[in-house]
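Okay, structure first, notes after.
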Amino acid sequence: MSIFKSAYQILQKHGIKELLSTSFKYYIIPLILLPMIMIKIRIMRRRSFNEIFAFTFKSYYTMLKPLQVKSEIRSLLYFLKKNPPKYILEIGTARGGTLLLFSKVAAKDARIISVDLPGGNFGAGYPLWMIPAFKSFAADQQKIILLRKDSHLPSTFKSIKKSLKKEKLDFLFIDG
């Protein structure tokens with residue numbers, strides 16, 4: 001669904017106030033904040049895990065804030081940190097908060113694949129302009145692969161296998 005169709009549907013169903021509010025929330029504020037977030041992420045790359053964890057949960061306008069329970073995701077991340085995974089698959093990118101956190105506990109040469117279903121408000125689970133921010137999470141020789149596809153489709157499975165280059169997953173996170 002195109003942005004214009006989504007906008008028209010919101011206007012029809014909820015009125016101009018909701019359309020303006022949604023547009024402001026999903027387009028105007030993020031476009032202003034995106035460069036600041038990318039700069040902050042680059043600065044934070046060499047920071048401690050705890051600093052990055054705090055940054056993610058205090059993220060500007062909740063743009064990167066994980067949707068998980070803070071204590072649960074912290075425990076999972078500490079577990080992963082002990083034996084950093086090299087091949088990660090995340091199903092459900094959403095805001096990208098867990099993607100950022102996984103990149104910080106993954107191996108220095110990790111391949112991190114994140115699959116997200118297009119089709120939410122304004123046409124996708126995350127907007128296209130967030131892709132550069134998500135890709136900037138990669139450190140050292142890490143590679144982040146973003147697949148905007150339905151995780152249930154055989155074609156998505158093929159894309160994941162191709163991205164793994166015959167390697168097996170070390171960690172699978174299903175949140176979608």
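Values in this text are rule-based calculations from the coordinates and carry no lab data. Only a predicted model underlies this, so the values are computations on that prediction, with no experimental measurement involved. In this analysis, Cβ positions are derived from the backbone assuming ideal geometry, glycine residues included, and neighbour counts consider all displayed protein chains.
Let me check against my output: what whole-number percent is the relative contact order of the chain, with C-alpha pairs under 8 Å and at least 6 apart?
23
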- Sites matching trypsin sites (Lys or Arg not before Pro) across segment 91-176 that sit in DSSP coil, with at most 12 neighbouring C-beta atoms within 10 Å: K108, K165, K166, K168
- Task: Check the straight Cα-Cα distances from K5 and name the lysines below 24 Å, setting aside those fewer than 8 residues away within the same chain.
- Result: K13, K17, K25, K149
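Could you pull out the pairs from K108/K135; K40/K65; K70/K143; K82/K143 whose alpha carbons sit more than 18 Å apart here?
Details: K108/K135 15 Å; K40/K65 14 Å; K70/K143 26 Å; K82/K143 20 Å.
From the list (K108/K135; K40/K65; K70/K143; K82/K143), the Cα-Cα distance tops 18 Å for K70/K143; K82/K143.
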- Note on the structure: So the pair-distance distribution of the chain, from every Cα-Cα distance in 10 Å bins, comes to percents of 9, 36, 35, 16, 4, 0
- For R111, other-chain or 5+-apart residues with amide H closer than 5 Å (H placed, Pro excluded) are Y87, I88, K143
- In whole Hz, the Karplus estimates of ³J(HN,Hα) for segment 4-15 (6.51, -1.76, 1.60; θ = phi - 60°; x where Gly or Pro) are 5, 5, 4, 4, 4, 5, 5, 4, 5, 7, 10, x
